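Notes to accompany the following structure.
The values are calculated or read from the model by the stated rules, or taken from the named source; none is laboratory data. On a predicted model such as this, the values are computed, not experimentally measured, just so you know. Cβ coordinates were reconstructed from backbone atoms using ideal geometry, including for glycine residues, and neighbour counts include every protein chain displayed.
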Amino acid sequence: MTEGECESQSGTELDEKRYGEKAVRVLLNMHGFKSSKSLGQNFLTDANIPEKIVRLSGIDKTCGVLEIGPGLGALTMVLSRMAGRVTAVELDARLIQLLGEKLSGYQNVEIMHGDILKLDIACLVSEKMPDLRRQVCANLPYNITSPVLTALIDSCAFESITVMVQREFAQRICAAPGSRDYGSFTVYVNYHAEPAILFDVPPECFFPRPGVYSSVVTLKMRSEHFLEAGEEATFFRVVRAAFGQRRKTLVNALHAAFGSTMDKAEISEIVSKCGFDVRVRGEALGIEEFMKLSAHF
């Protein structure tokens, strides 16, 4: 089978040895559980995928892992074997009892009922895994991927973040300057981390099956930032302005954002001073070019 193909075998029990869509259906029926589209619930049916995610993430017993949305615990079980400690945050109260029963024998796992977007992530991991290297490993719901990833990055609490996301989203994160997928979020992620797509996962590896492919992406967090805090604020303001109106030239896009304090001629002069053609669009600039540009604002 190729790397992107689903490798599961149907089973009648949901455990680490026997797994598959049939087993997932049986388990859900036993608990009278119906997946929620609004919560983005698509449960893995291939036991090989969690194994591969954890193996490629580099997680070991020196690591404390935060998992968001453990679902039926497929990834959680593998993490418990490989990591020193696992804290899994689940929003759906209906899954808490199921997860509690399923993971009762895993002494280094704690299941928390909560909304990751409402928690102080830095305080949470500091409390739960004080003496461990902190990492994130999760299958993120598609509908909250961007805000969750932003919250995880902004917490400055992790060495690395390994997550499964929609393939198009992963391509955005790893896009190169000038490409169709390249945007302000690409710059934001690459400023804070070194992202890489590890492998793709087809819809057949989930139940219910999503209408799109997924990708597992890893973010190796940068230990040092390029700019000071005050400079960062200006940098990201310039980046957002540059992509705010993609069809416009960089000069016109910046004028739309900074026109109250600078006229177009001044902005054109800055762009030229930085060595850029005044007709260039923001999507052509990389992080270093944006830093050079923001220094003048």
Conditions (1) out of contact with any Ser or Thr (no Cβ under 6 Å at 6 or more places or on another chain); (2) among the acidic types (Asp, Glu); (3) touching a residue at least 60 places away in the same chain (Cβ under 8 Å) -> Glu228 fails only (3)
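On the basis of being polar (S, T, N, Q), in contact (Cβ under 8 Å) with a residue 12 or more places away in the chain and closer than 14 Å to Phe297 by Cα, does Thr261 make the cut?
no
For (1) of a type in the set (Asp, Glu); (2) in contact with a His (Cβ under 9 Å, 6 or more places away or on another chain); (3) at pLDDT 95 or above; (4) in the same structural domain as Val189 (by TED's automatic domain parsing), each residue gets a yes or a no:
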| position | (1), (2), (3), (4) |
| --- | --- |
| Phe207 | no, no, no, yes |
| Phe236 | no, no, yes, no |
| Arg240 | no, no, yes, no |
| Ala253 | no, no, yes, no |
| Ile270 | no, yes, yes, no |
| Cys274 | no, yes, yes, no |
| Arg279 | no, no, yes, no |
| Ala284 | no, no, yes, no |
Here are Ala193, Ala175: which of them is farther than 24 Å from Cys123 by Cβ and of a type outside the set (Phe, Trp, Tyr)? Ala175
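Does Ile53 satisfy the criteria of being assigned to a loop (DSSP other than H, G, I, E, B), among the aliphatic types (A, V, I, L, M), in contact with a helix residue (DSSP H, G or I) (Cβ under 9 Å, 6 or more places away or on another chain) and buried (at least 17 other Cβ atoms within 10 Å of the Cβ)?
No, not satisfied.
For (1) in a helix (DSSP H, G or I); (2) farther than 22 Å from Ser57 by Cβ; (3) of a type in the set (S, T, N, Q); (4) at pLDDT below 95, each residue gets a yes or a no:
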site	(1), (2), (3), (4)
Val187	yes, yes, no, no
Asn190	yes, no, yes, no
Glu194	no, no, no, no
Ile197	no, no, no, no
Asp200	no, no, no, no
Gly211	no, yes, no, yes
Val216	no, no, no, no
Leu219	no, no, no, no
Glu224	no, yes, no, yes
Considering only the range 146-158, I want to know if a residue exists there that is under 24 Å from Val189 (Cα atoms) and either over 18 Å from the mean Cα position of the chain (by Cα) or of a type in the set (Asp, Glu) (or both). yes
Scan the range 169-185 residue by residue and report those that are in a helix (DSSP H, G or I) and either closer than 30 Å to Ala47 by Cβ or among the aliphatic types (A, V, I, L, M) (or both). Phe169, Ala170, Gln171, Arg172, Ile173
Looking at Ala74, Ala83, Ala23, Ala88, which one is surrounded by 22 or more Cβ atoms within 10 Å (Cβ to Cβ), out of contact with any strand residue (DSSP E or B) (no Cβ under 8 Å at 6 or more places or on another chain) and either not acidic (Asp, Glu) or not assigned by TED's automatic domain parsing to the domain that holds Cys205 (or both)? Ala23
Just to verify a result, which residue in the range 217-243, among those that are among the hydroxyl-bearing types (Ser, Thr, Tyr) and closer than 29 Å to Gln166 by Cα, is surrounded by the fewest Cβ atoms within 10 Å (Cβ to Cβ)? Ser223
Residue under question is Val278, and the condition is that it be of a type in the set (A, V, I, L, M, F, W, C), outside any helix (DSSP H, G or I) and over 15 Å from Gly183 (Cα atoms); does it hold? yes
Go through the residues of the range 92-112 one by one and say whether even a single one is charged (D, E, K, R), more than 24 Å from Lys52 (Cα to Cα) and touching a strand residue (DSSP E or B) at 6+ places or on another chain (Cβ under 7 Å). no
Within the bounds of the range 137-154, is there any residue that is crowded, with 19+ Cβ neighbours inside 10 Å and more than 21 Å from Thr76 (Cβ to Cβ)? yes
